Structure formats: C-alpha cells, structure tokens
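Student: Quick one: the structure is below, and I'll ask about it shortly.
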C-alpha cells in the first residue's frame with residue numbers, strides 16, 4: 001500500500017492554491033479499494049506503482065527508485081512518465097494516475113476549492129459480482 005500511496009501522491013502534488021493528494025485521505029481510499037476493488041484491478045494498480053518506482057532510470061537517467069528522488073526530481077519523473085512516447089509505460093502508470101485523480105477529486109476540501117458540494121456519505125451498497 002505504501003508504494004501505491006507514494007506513486008499516487010507523486011502524480012498529484014500540491015500546487016499554489018490547491019491541496020495535493022497527500023492532503024487527502026489516501027490511506028482510507030486505498031483501504032476501501034482493497035475491500036471493494038476487483039483483484040485484477042488492484043494488481044494492475046500495484047504493478048503501475050512498481051513501474052513508476054523503477055523507471056527514473058528511463059525518465060531521468062538516474063538509477064534510483066522514485067522514492068529516493070528529491071522532490072524536484074520526483075515531480076520531473078512524474079511529468080515525464082505520463083508523457084512518455086513508450087506506450088506500455090504510459091499505460092502502466094495510467095491506473096495510478098486515474099486512482100490519484102478519483103481520490104483527489106472526491107475529497108471535500110478539494111471540491112470546496114471548485115465551489116462543489118462534498119459527496120454524500122457512501123451508502124456501502126457496492127457489491128462485486
């Protein structure tokens with residue numbers, strides 16, 4: 001879970017005036033995903049996070065995992081990996097970026113920055129078939 005959290009938070013850092021993903025309940029989101037998400041989806045998310053962690057050698061030419069990079073290097077890596085012309089790498093980290101966006105966009109504080117009402121409480125009716 002911490003590798004996935006790291007990759008997701010790197011995809012959506014704080015910016016001037018907007019909170020980053022680390023300012024939201026990422027751990028709660030990932031716990032819910034672990035309970036309710038399809039196993040293949042969860043494996044894909046974890047694989048995308050692993051690929052994100054191992055590819056700074058391709059995006060920056062630095063043979064270090066992403067969790068050892070400086071903040072500036074991490075932001076550059078995140079920017080380059082989602083914009084790479086290597087289609088398989090870009091698709092591998094797509095699930096990471098997608099989940100980061102869903103978690104960030106559902107946060108009440110983030111929604112208030114866009115004058116949106118918070119989502120209602122989850123009724124807990126999701127069922128896997």
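Every number here is computed from the coordinates shown, using simple stated rules; none is lab data. Because the structure is predicted, anything quoted here is derived from the model rather than measured. Cβ coordinates were reconstructed from backbone atoms using ideal geometry, including for glycine residues, and neighbour counts include every protein chain displayed.
Student: May I ask you to list the residues in the stretch 74-93 that are outside any loop (DSSP other than H, G, I, E, B) and touching a helix residue (DSSP H, G or I) at 6+ places or on another chain (Cβ under 7 Å)?
Tutor: Of all residues in the stretch 74-93, those outside any loop (DSSP other than H, G, I, E, B) come to 74-82, 87-92.
Answer for the stretch 74-93, where residues must be outside any loop (DSSP other than H, G, I, E, B) and touching a helix residue (DSSP H, G or I) at 6+ places or on another chain (Cβ under 7 Å): 74, 77, 78, 80, 81, 82, 89, 90, 92.
Student: I've got another one for you. For the stretch 14-27: of the residues being farther than 13 Å from residue 103 by Cα and in a loop (DSSP other than H, G, I, E, B), which is nearest to the chain's Cα centre (by Cα)? Spell out the reasoning first.
Tutor: Taking the stretch 14-27 as the starting set, the residues that turn out to be farther than 13 Å from residue 103 by Cα are 14-18.
Remaining after also requiring in a loop (DSSP other than H, G, I, E, B): 14, 16-17.
Working: 14: 13, 16: 19, 17: 20 Å.
By that ranking, first place goes to 14.
Student: When residues of the stretch 55-73 are filtered for being touching a helix residue (DSSP H, G or I) at 6+ places or on another chain (Cβ under 8 Å) and surrounded by fewer than 18 Cβ atoms within 10 Å (Cβ to Cβ), how many remain? Before you say what the answer is, go through the steps one by one.
Tutor: First pass over the stretch 55-73, keeping only residues touching a helix residue (DSSP H, G or I) at 6+ places or on another chain (Cβ under 8 Å): 55-56, 58-60, 62-67, 69, 73.
Restricting the remaining residues to those that are surrounded by fewer than 18 Cβ atoms within 10 Å (Cβ to Cβ) gives 58, 60, 62-65, 67, 73.
Number of matching residues: 8.
Student: If I filter the stretch 56-73 down to residues being part of a loop (DSSP other than H, G, I, E, B), more than 19 Å from residue 15 (Cβ to Cβ) and free of Cβ contacts under 8 Å to residues at least 12 places away in the same chain, which single residue comes out as nearest to the chain's Cα centre (by Cα)?
Tutor: Kept after step one, since they are part of a loop (DSSP other than H, G, I, E, B), are these residues of the stretch 56-73: 60-65, 69-70.
Then keep just the ones that are more than 19 Å from residue 15 (Cβ to Cβ); that gives 60-65.
Those still in the list that are free of Cβ contacts under 8 Å to residues at least 12 places away in the same chain too: 61-64.
Working: 61: 23, 62: 22, 63: 22, 64: 20 Å.
Among those residues, the one meeting the criterion is 64.
Student: Residue 45 - would you say it is part of a helix (DSSP H, G or I) and within 29 Å of residue 118 (Cβ to Cβ)?
Tutor: On the way: part of a helix (DSSP H, G or I): yes; within 29 Å of residue 118 (Cβ to Cβ): yes.
Criteria met by residue 45.
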